[in-house]
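A.B. asks: I'd like to ask you about the structure that follows.
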Amino acid sequence: MDAGPYIRDLGNVNPRTVYPDLQSIVQPIAIRARELIAANLPAAGQQYCWAELLPPVVATVLEQAVVRADLNNGNRGRLEAAARHAARDWVPLHECERACEIVLGCVCKVLWDTIEPSNCGAMLGLSRWAADMLPDALAALRAAYIDEVRRLGGRRRDDDIVIGTLLDGGDARTAACAVGHPLPEPCGVLALACADTSGPGQDFSFPTPPDGVHEALSDLPGMLCAPNWERSVLVAVFGIPASSVGTSVRAIRKTGERAVDACESLYGHAFAAGLAMSDTAATIGRAAWEAVDISTVLARSDRRRVAFSEEITLDVLVGSHDGLRQRLADRVADVASRPDLWGTLRELYQADLDRGRTARRLGIHRSTLDYRLNRVEQLVGISPTSVQGILLFAAARAATAASGTAAASARSRCTARMRRSL
């Protein structure tokens, strides 16, 4: 479509001259914006009523752009009404903000594509107007959205907004400040996932913000706690004192254990917690995704329930290499087919090779434990208590946990972000 004839007058800022012709490009801009929104907004991109909403939004933006107007009460009111409507439909805040950016970008893109060269000066002015207006528009949208969410009621809705924004790559720092709860620095992050493969497994969801878990973490400074938008993983961000790495690790691990205990008591299923740390608010998003990825791996492993990424290196590497998983499975197949031997190795490694504690946990005599370990060595040709044997069997157990349909899905969610962090 050649919009040149009716875009030519943009520099004259006369809406009576420009407005009738601008209507002709409303629909093309709306269609382009709808396509980009569908591709970029996972929660509401395809199913929301964008076809109905976008044309009047585009028309309003064009009218305002022609006269380089500030947000007046009428337009601000329409923007706030749209934000409240999205909040009632549980469209994530960061997706609403992204939709605004996409619409404005599409308006400028279509105008730039169709403008005649003689009107480039006018388009530069419009582009500058768009850059100046966007922060004000987003601030108005954000305030109305947050107010509507609070009006709807329920506890910790502010946490839902911030955690959802954090996990989906939005401007979590701005969202946190808007709700009056700045992100803590430095901070710990934990992500809780259901690890009960005999129960709900991947299908588990957090039906409401879990009071028991929140209470278990309520003494942590600056704490934010909410499920992701899919409600499959519970994420908590909390402040930690600036101290040595060892001290911070111990404190966060203790928090993770407490949260897992609270979840298991509340829901009656096994849970796993991925842990991560961040020095600044700028990197909290990366730490949050790392914790989520770790919880996914741990949920498919029977070896531990709370861990940092560096503690599950074998699980991550083995889980991402199909050929290696198969070779490890073949190597230890004779042992893995014997539940008594395979279970003995699990208990031995969980007890850090303490044979006395292992025997007590298994309810067997020390001599029976020694017999089983000797039998493992006979079947595989390597002592399970040697350094090489520990590495082999630990990797093999990770390979076993990483096999199967459910675990394949879990591996797909253990993203490149996590592998780069190891």
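A.B. asks: Can you list the residues, at least 5 places off or on another chain, whose amide H is less than 5 Å from the amide H of Ile240, using H built in the peptide plane?
C.D. replies: When sequence neighbours closer than 5 places are left aside, the close amide H contacts are Cys187, Gly188.
A.B. asks: For a quick check: with amide H placed at 1.01 Å from N, whose amide H comes under 5 Å from Val306's, ignoring anything fewer than 5 positions away on the same chain?
C.D. replies: Here Ala273 satisfy the definition.
A.B. asks: Between Arg88, Arg304, Arg361, find the one with the highest GNM mean-square fluctuation for the chain; connect C-alpha pairs within less than 10 Å.
C.D. replies: Most flexible of the set in this elastic network: Arg361.
A.B. asks: A further question follows. As I understand it, the dipole of the chain uses +1 on the Cβ of Lys and Arg and -1 on the Cβ of Asp and Glu, about the Cα centre. Which of Asn40, Ser278, Gln350 lies farthest toward its positive end?
C.D. replies: Working it through, the farthest residue towards the positive pole turns out to be Gln350.
A.B. asks: Using only Cα atoms, tell me the angle between helix 322-331 and the longest principal axis of the chain; keep it within 0 to 90° and round to the nearest 10.
C.D. replies: Once rounded, one gets 10 degrees.
A.B. asks: Can you tell which of Leu71, Ala195, Ile115 lies farthest toward the positive end of the dipole of the stretch 66-196, using +1 and -1 charges on the Cβ of basic and acidic side chains (Lys, Arg; Asp, Glu)?
C.D. replies: Toward the positive end, the furthest listed residue is Leu71.
A.B. asks: Report the per residue volume, in Å³, of the convex hull enclosing the C-alpha atoms of the chain.
C.D. replies: Looking at the chain, the number lands at 168 Å³ per residue.
A.B. asks: Working out 0.36 nm times the residue gap between Asp147 and Ala282, then minus their Cα-Cα distance, what length gain in nm do you get to one decimal?
C.D. replies: Here the segment from Asp147 to Ala282 would lengthen by 46.0 nm.
A.B. asks: Taking the Cα centre of the chain as origin and charging only Cβ (+1 Lys, Arg; -1 Asp, Glu), how large is the dipole, in debye to the nearest 20?
C.D. replies: It comes to approximately 1200 debye.
A.B. asks: Over what distance in Å are the Cα centres of the stretch 251-280 and the stretch 284-316 separated?
C.D. replies: 12 Å
A.B. asks: Taking the Cα centre of the stretch 22-150 as origin and charging only Cβ (+1 Lys, Arg; -1 Asp, Glu), how large is the dipole, in debye to the nearest 20?
C.D. replies: I would put it at about 80 debye.
A.B. asks: Applying 1/(1 + (r/R0)^6) with R0 = 22 Å to the Cβ-Cβ distance of His321 and Asn374, what FRET efficiency is obtained, to the nearest 0.05?
C.D. replies: Approximately 0.10, to the nearest 0.05.
A.B. asks: I need the calculated FRET efficiency for the pair Ser337 and Asp196, taking r as the beta carbon distance and R₀ as 22 Å, to the nearest 0.05.
C.D. replies: For Ser337 and Asp196, the calculated efficiency is 0.35.
None of the figures in this text is laboratory data; all of them are computed from the coordinates on show. Predicted, not measured: the structure shown is a model, and the values here were computed from it. Glycine also receives a Cβ, built like all others from the backbone with ideal geometry; neighbour counts cover every protein chain displayed.
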